[in-house]
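Computed from the coordinates by the stated procedures, all read-outs in this text should not be read as laboratory data. Treat the numbers as computed from the prediction; the structure is a model and nothing was measured. Cβ placement follows ideal geometry from the backbone for every residue including glycine, while neighbour counts extend to all protein chains displayed.
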Amino acid sequence: MSKIKRDFIMKELRLLLGLVLLMALALGYIVWYVKITPLAFLIIPLVITAFVLRMYFGASAALGRVCAQYSELWRERVGREYAAPHPVYKVAYGEMHLLDACLVCRNRRRLLLIPTEQIVKVDERFRSVGVKKVPLLKFRLDTDETVDIDFSAAHGESGAAVMSWLNEHVKRAAR
C-alpha cells in the first residue's frame, strides 16, 4: 500500500511542478508589466503547501478507508498485484490500475481504491466533448456508494477496454 501512496504522490508532485512553473511565469510577467511588488511571489509557497497537504491527507484517507475494512492479508495481496505487471489505462487526470483484488485509480486529483468484490454494478455512460462520445463509468458498490470514473477525450477508447476487463473479471469470479 505504501507503493500505491508513493506513486500517487510522485505523479501529483510532477504535475504540481508544471503548475508552479506556469504560475511563476505569469506572476513574473504581472510583476514586470504592472510594476507591483515582488511580494506577489509569496503566493506560490502558499499554493504549494495547500496542494501538498490536500494531496497527502486525501491519499491517506482513501487508503485508510479501504484498509480499515480489509485484513492485512488482503492489503499484502493488493501490494503484490500492484508491484506485478498489470493493465493500466488512462482516465481523466490520471490512470486506472486494474488489479484482481481492487481497482486503483488516480482520477481528478484524488486516489480511489475500489475493491472488486464490492462492485455490484457498472454503468457505462457517455458525455459529449465536441463530436466525440467520451465514456464515464459509474460504479455502484454494495455499500450503496457510487463512484464515477471519467475518461479523457484523448483516451476515450480506454473506457471500452476497462469495461471488457471488468466483464472478463466477473466471468472469472463466477467460475
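Taking the chain as a Gaussian network of alpha-carbon nodes connected by springs under 10 Å, the highest mean-square fluctuation of the residues Lys35, Lys132, Lys90 belongs to Lys35. Axis of helix 157-174 versus longest Cα principal axis of the chain: the two differ by about 30°, to the nearest ten degrees. In plain terms, the chain from Leu25 to Val88 could stretch by 19.3 nm, reckoned as 0.36 nm per residue minus the Cα-Cα distance.
Net length available on complete extension from Arg109 to Thr143 is 9.9 nm, with 0.36 nm assigned per residue and the Cα-Cα distance removed.
Partner aspartates and glutamates whose Cα lies under 17 Å from the Cα of Lys5, excluding those fewer than 8 positions away in the same chain, are identified as Glu72, Glu76, Glu81, Glu95.
Along the axis of the charge dipole computed for the chain (Cβ charges of +1 for Lys and Arg, -1 for Asp and Glu, origin at the Cα centre), the listed residues Phe151, Leu17, Phe51 are led at the positive end by Leu17. For the range 104-175, the residue among Leu141, Ser164, Pro115 whose Cα projects farthest onto the positive side of the dipole built from Cβ charges is Ser164. Could you grab the relative contact order for the chain? Cα pairs under 8 Å, six or more apart, rounded to a whole percent. Relative contact order for the chain comes out at 14 percent.
In this label model, Glu157 and Leu13 are separated by 3.4 nm, measuring between points 7 Å along each Cα→Cβ vector. Over the chain, dividing the summed -39,500 (n - 2.57) contributions of all DSSP H runs of at least 4 residues by the number of residues returns a 222 nm mean residue ellipticity of -17500 deg cm²/dmol.
Simple point charges give the picture: +1 on the Cβ of Lys and Arg, -1 on the Cβ of Asp and Glu, and for the chain a dipole about the Cα centre of about 340 debye.
P(r) tail for the range 76-175: Cα pairs beyond 24 Å make up 17% of the total. Please identify, among Val91, Val31, Val104, the residue showing maximal mean-square fluctuation in a Gaussian network model of the chain using a 10 angstrom Cα cutoff. Its mean-square fluctuation being the largest, the pick is Val31. Determine, at each q value in 0.17 (inverse angstroms), the log₁₀ of I(q)/I(0) that the Debye formula gives when each Cα of the chain is one equal point scatterer. Reported log10 I(q)/I(0), two decimals: -1.09.
Result for the chain in a Gaussian network model with C-alpha springs under 10 Å: among Met163, Met23, Met96, the largest mean-square fluctuation is at Met23.
Modelled spin-label separation between Leu39 and Leu73, with each label point placed 7 Å from Cα along the Cα-to-Cβ direction: 6.2 nm.
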